[in-house]
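Read the structure below first, then the notes.
The values are calculated or read from the model by the stated rules, or taken from the named source; none is laboratory data. Since this is a predicted model, take the numbers as computed values, not measurements. When we count neighbours, we look across all protein chains shown, and the Cβ atoms used for this are built from the backbone with ideal geometry, even at glycine. Calculation scope for accessible area: heavy atoms of the full protein, side chains included, ligands and nucleic acids excluded. Shrake-Rupley method; radii C 1.70, N 1.55, O 1.52, S 1.80 Å.
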Amino acid sequence: QVQLVESGGGLVQAGGSLRLSCAASGSVFRSYAMGWYRHVPGKQRELVARISSGGATNYADSVKGRFTISRDNTKNTVYLQMNSLKPEDTAVYYCNQDRGWTDYWGQGTQVTVSS
């Protein structure tokens with residue numbers, strides 16, 4: 001069983017920055033793609049950013065140029081650096097590990113951006 005533990009959420013003013021971290025259990029972290037998703041009540045969960053096992057990244061159009069996903073395979077951790085935050089970025093952010101035949105989710109961390 002894989003455990004994903006997110007941290008780094010909080011309250012920030014518009015224009016500010018936050019860095020989310022997701023620590024994963026297990027010894028095969030480097031083999032799988034990792035992603036950050038977000039969910040707002042009443043809306044579908046959406047992909048924010050994804051990083052492959054080889055380090056290739058892709059982003060939602062709404063966060064391109066503002067967010068950066070990265071991974072440290074020595075620490076089994078994936079990060080999401082969020083800059084120039086906007087009120088519409090307010091959501092619960094979830095870490096995801098994609099193993100192809102299944103995936104795992106963290107418990108989520110709240111990000112609130114005030115205007």
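Quick notes on this one:
- Label zone of Lys86 (point 7 Å out along Cα→Cβ, amide N under 17 Å): in the range 1-26 this covers 12-18.
- The relative contact order of the chain, computed from alpha carbon pairs under 8 Å that lie at least 6 residues apart in sequence, is 36 percent.
- The alpha carbons of the chain give a radius of gyration and a Dmax of 13.3, 41 Å, in that order.
- Residue-normalised accessible area of the range 11-115, given per residue in Å² at a 1.4 Å probe: 52
- Full extension of the chain between Ser17 and Ser114 gives 33.7 nm of extra length, using 0.36 nm per residue less the Cα-Cα distance.
- Sequence-ordered 3J(HN,Hα) estimates for the range 11-24 from the Karplus curve with 6.51, -1.76 and 1.60 and θ = phi - 60° stand at 9, 9, 7, 3, x, x, 10, 9, 10, 8, 10, 9, 9, 10 Hz, glycine and proline given as x.
- Distance in nm between pseudo-label sites at Glu46 and Thr102 (7 Å out along the Cβ direction from Cα): 3.0
- Positive dipole terminus of the chain, leading residue within Met34, Ser53, Gln1 (C-beta point charges): Ser53
- Note, ³J(HN,Hα) from phi for the range 85-102, Karplus 6.51, -1.76, 1.60, rounded to Hz, x at Gly and Pro: 5, 10, x, 6, 7, 4, 4, 8, 9, 10, 8, 9, 10, 9, 9, x, 7, 7
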